Protein chains: 2
Amino acid sequence: MSDLNKPCIICVAITGSLPRKANNPAVPITITEQVESTHAAFEAGASIVHAHVRNDDETPTSDPDKFAKLQEGLLKHCPGMIIQFSTGGRSGAGKERGAMLSLKPDMASLSVGSNNFPTRIYENAPDLVDWLAREMITHNVKPEIEAFDLSHIHQAALMHKDGRIKDTPYIQFVMGVKNAMPADKDVFDYYVKTVKRLSPNSQWCAAGIGPNQIILNEWSVAAGGHART
Amino acid sequence: MSDLNKPCIICVAITGSLPRKANNPAVPITITEQVESTHAAFEAGASIVHAHVRNDDETPTSDPDKFAKLQEGLLKHCPGMIIQFSTGGRSGAGKERGAMLSLKPDMASLSVGSNNFPTRIYENAPDLVDWLAREMITHNVKPEIEAFDLSHIHQAALMHKDGRIKDTPYIQFVMGVKNAMPADKDVFDYYVKTVKRLSPNSQWCAAGIGPNQIILNEWSVAAGGHART
Ligand SMILES: [Zn+2]
Ligand SMILES: [Zn+2]
Ligand SMILES: [Zn+2]
Ligand SMILES: [Zn+2]
C-alpha cells in the first residue's frame, strides 16, 4: 500500500455498475475486456483499479467467482497495481455485497451511510456497514469510504476512532449524483476541510458522475487529492 | 403564517415518535394530553407545535382521524398557534405518511433525502418525497424541511427552484442522531452559511436529539435561527 503515499494517485474505474455496451461500445464487460482495459490504464499511469463485475447479459453482479477471475488477470497483467473491488449496492443486496472480500483485494469500497440515488434509496443499513467493515478487517482489505454526503465523512472518522476501520480512512467524495450531493465547489472545499479536521492523516480523492468527472478531477488535484478517471 | 417573521420562533415538539410513558411519565400520549401539553407551551410562548400522534398502546401512527382530533383540540385551545404535522417515517410507510395532509395543517415536516438512523435506514425514496411535496402544494401546507445531512439543504433549495416546493423552504437542521449527523458546531455554522447561500430568504431552526437539544438551541438562537424545544 506504499503507493498511497505518492503525490497523486490515479484511480481508474474501468467499468461502473450501470453503463452497457448499448450506451458505450467501449465499456469493458467480460473479464478479458476488463483486464485489457485496466492494463492499458496501468501503462498510462493509473495505480488503483476500482472494479465492478458483470454477468454475461451485462447486468451487475457481486459473484465472487467473477471477481476471482478478474483478480487473477489483473495480478498477471498489471503487477503492483492496487486492486479495489466494489461492495456497492447496485450489484447485490445484503451480505452478497461482501462475498468477494475473502479474496483479499488490496482495497474495497465501503459506504458508511445511506442516501438517495436518482430513482431509489442507496441502502446501507448500519448493521450491514458494520459487517462489511469487520470483513475488511478480517481479510486485511483497506476500505475506500464512499462519501455521498457530509455525514459519511464524520461516520468514517468515528468508525476509525472506535476501531471499526483499522487504517486511516481513504475517502472518496462522490458528487453530481442526482438526489444526493451536487458537484458544488463550496461543498468540495468544506469536505477537504472536514477530512483535515477529523481525520488529518487521511488520503482522499473525488469522483464526479458523468460530465462532472473532469471538473472534480481538476478540483481534487489542485487541492492535493487524488484523481478518479 | 405571519408569525414566521417574528425574531425568534419557539417550536414545541410535544410528543416525538419514540418516547413512551415508561421512559418518561410526562410524555403526552392521548389527544387530550397532547392538547393540554401544547396549551401550556403556547401560554409559555411557543408559536409552532410539531405533532406526532400515537395509538392507544403508545405506538406511533399516521392515522388521519387522530390528527383530525388533535387539530380540532389545538384550534380551540391554542388559537393562532402554527400547527405542524409530522410526515416522518417512524409513524408509517409510503403514502400513509401523508394521509393527514388533506386536513390542511399550517405546516408539515418533509424529509427530502434518506440517511441512516441508529438501527435502520430512514427511507425517503425520491418518488415518495416528490409525492409528499405535491400533496403539500395541493393542500396549501408549508413544508418544514428536515435536514439530517448537508445534501438535504441542497435538495430543498433545488426543489424550491424547480417548483416542487412552493414557498421559500423553512429548514430544520437535525443533529445528534446516531449514524447520521453529529451535533458539531463547525457543521452547524456551515449549514447556516449554506442556507444563506442557496436559499437566502429561508428561515431555519435546529433540533438536537436528547442531550444535544439545549446546545443546538443555544447555537441556533445565537446565529439568528429559531429554537425547537
Ligand atoms: Zn494485458
Ligand atoms: Zn464503483
Ligand atoms: Zn417529529
Ligand atoms: Zn387547554
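The values are calculated or read from the model by the stated rules, or taken from the named source; none is laboratory data. None of the values given here were measured: they were computed from a predicted structure. Positions of Cβ are generated from backbone atoms using ideal geometry, with glycine treated the same way; all protein chains shown enter the neighbour counts.
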Tell me, which residue of region A:124-156 that is at the interface with another protein chain (Cβ under 8 Å from one of its Cβ atoms) and charged (D, E, K, R) is surrounded by the most Cβ atoms within 10 Å (Cβ to Cβ)?
A:Asp149
Which one of the conditions (1) within 14 Å of chain B (Cβ to nearest Cβ); (2) surrounded by fewer than 24 Cβ atoms within 10 Å (Cβ to Cβ); (3) more than 17 Å from the chain's Cα centre (by Cα) does A:Phe117 fail to meet, given that it meets all the rest?
(3)
Would you confirm whether any residue within region A:77-90 is within 28 Å of A:Ala180 (Cα to Cα), within 16 Å of ligand 2 (Cβ to nearest atom) and surrounded by fewer than 19 Cβ atoms within 10 Å (Cβ to Cβ)?
yes
Output the number of the condition that A:Gly80 fails; it satisfies all remaining conditions of (1) modelled with pLDDT under 90; (2) at positive phi; (3) small (Gly, Ala, Ser).
(1)
From the list B:Gly89, B:Gly98, which residue is under 25 Å from B:Ser37 (Cα atoms), within 14 Å of chain A (Cβ to nearest Cβ) and not acidic (Asp, Glu)?
B:Gly89
Hey, any hits in region B:157-168 for a residue that's under 14 Å from the mean Cα position of the chain (by Cα), among the hydroxyl-bearing types (Ser, Thr, Tyr) and more than 8 Å from chain A (Cβ to nearest Cβ)?
no
Please tell me if A:Val49 is surrounded by 15 or more Cβ atoms within 10 Å (Cβ to Cβ), in contact with a Leu (Cβ under 9 Å, 6 or more places away or on another chain) and more than 30 Å from A:Ala222 (Cβ to Cβ).
no
Residues (in a loop (DSSP other than H, G, I, E, B) and over 16 Å from B:Val177 (Cβ atoms)) located in region B:123-135
B:Ala125
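Yes or no, residue by residue, for (1) among the aliphatic types (A, V, I, L, M); (2) touching a residue at least 60 places away in the same chain (Cβ under 8 Å); (3) over 27 Å from B:Lys196 (Cβ atoms):
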residue: A:His139; (1), (2), (3): no, no, yes
residue: A:Leu150; (1), (2), (3): yes, no, no
residue: A:Leu158; (1), (2), (3): yes, no, yes
residue: A:Lys161; (1), (2), (3): no, no, yes
residue: A:Arg164; (1), (2), (3): no, no, yes
residue: A:Thr194; (1), (2), (3): no, no, no
residue: A:Cys205; (1), (2), (3): no, yes, yes
Among B:Asn140, B:Asn115, which is touching a strand residue (DSSP E or B) at 6+ places or on another chain (Cβ under 8 Å) and of a type in the set (S, T, N, Q)?
B:Asn115
Restricting to region B:186-212, and then to whatever is of a type in the set (S, T, N, Q) and closer than 19 Å to A:Ser151 by Cβ, can you tell me which residue is nearest to the other protein chains (Cβ to nearest Cβ)?
B:Thr194
